[in-house]
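Notes for the one structure printed next.
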Amino acid sequence: MPTTVVIVDDQAMVRAGFAALLNASGDISVLGDAADGEAAVEIVSRLRPDVVLMDVRMPKRDGLWAARRIIEAGLPTKVLMLTTFDIDDYVYTALSIGASGFLLKDAPADELVRAVRVVAAGDALLAPSVTKRLIAEVTARRSRTPGAAVDVLTPREREVLGVVADGKTNAEIAAELFVSEETVKTHVSRVLGKLGLRDRAQAVVFAYENGLK
């Protein structure tokens, strides 16, 4: 079964361009599109795609408004935010509410396709050019005193969380820590469960907020 996608952007040419690129990939199918946040919530609720590509800045209701409602509704759709800026306070908010990652609109075609595949697979898209640097800047203005929640993690789980916050894949983490990928998956699953986090993207935010990075 192909990975299904809905594209949300207020520019028709952007929607058409992204749709053409994704449909040409062979394993991704674009089900539809929308030009504003309200329309986005309606079409995602109806079609339930695997991934929604969501522009941040749009008329009427913006991408953050739509992302929050899609996520709070418990829909299975992963939210991948789109932006034209690599430094943008919206990133922190989007990841905090449960978006699975951020992608620059001018990213190469192969990066767009890879981003959809990564997010659909349940991983966070943590491009160093966007997420890591921005989260570091935003959370530097917040308290870095480790929260009590960190105490529920074992030393190994803290170590794994710290590497996850670097944006590394399970394979990269396994190589760095000299363990199997299956072991990494188990640790990540336990970390998310103990901390009550939705996914790896929220785990990154947690790590920075609690001084683990």
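Table for the structure above
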read-out	value
Within region 1-17, considering residues that are touching a Lys or Arg at 6+ places or on another chain (Cβ under 9 Å) and not β-branched (Val, Ile, Thr), the one most open to solvent (accessible area, probe 1.4 Å)	ASP10
Checking ARG133 against (1) under 19 Å from the mean Cα position of the chain (by Cα); (2) at pLDDT 60 or above, the condition it does not meet	(2)
Residue match in region 148-156 (condition: open to solvent by less than 40 Å² (accessible area, probe 1.4 Å) and either at pLDDT below 75 or assigned to a helix (DSSP H, G or I) (or both))	yes
Search result, residues across region 157-170 that are under 18 Å from GLY122 (Cα atoms) and open to solvent by less than 50 Å² (accessible area, probe 1.4 Å)	VAL160, LEU161, VAL163, VAL164, ALA165, ASP166, GLY167, ASN170
Test set (1) touching a strand residue (DSSP E or B) at 6+ places or on another chain (Cβ under 9 Å); (2) touching a residue at least 60 places away in the same chain (Cβ under 8 Å); (3) of a type outside the set (Val, Ile, Thr); (4) not in a loop (DSSP other than H, G, I, E, B) - ALA99 fails condition number	(4)
Complete set of residues in region 26-41 that are among the small types (Gly, Ala, Ser) and under 19 Å from ARG69 (Cα atoms)	GLY32, ALA34, ALA35, GLY37, ALA39, ALA40
Matching entry among LEU31, LEU53 (being open to solvent by 30 Å² or more (accessible area, probe 1.4 Å) and under 17 Å from THR77 (Cα atoms))	LEU31
Unmet requirement for LYS78, which otherwise passes all of (1) touching a residue at least 24 places away in the same chain (Cβ under 8 Å); (2) more than 14 Å from ALA124 (Cα to Cα); (3) open to solvent by 20 Å² or more (accessible area, probe 1.4 Å)	(2)
In region 177-195, residue surrounded by the fewest Cβ atoms within 10 Å (Cβ to Cβ) [restricted to those that are within 28 Å of LEU103 (Cβ to Cβ) and in contact (Cβ under 8 Å) with a residue 24 or more places away in the chain]	LEU195
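The values are calculated or read from the model by the stated rules, or taken from the named source; none is laboratory data. These numbers come from a predicted model, not from an experiment. All Cβ positions, even for glycine, are placed from backbone atoms using ideal geometry, and neighbour counts span all protein chains on display. For accessibility, only protein heavy atoms count, side chains too; no ligands or nucleic acids. Shrake-Rupley method; radii C 1.70, N 1.55, O 1.52, S 1.80 Å.
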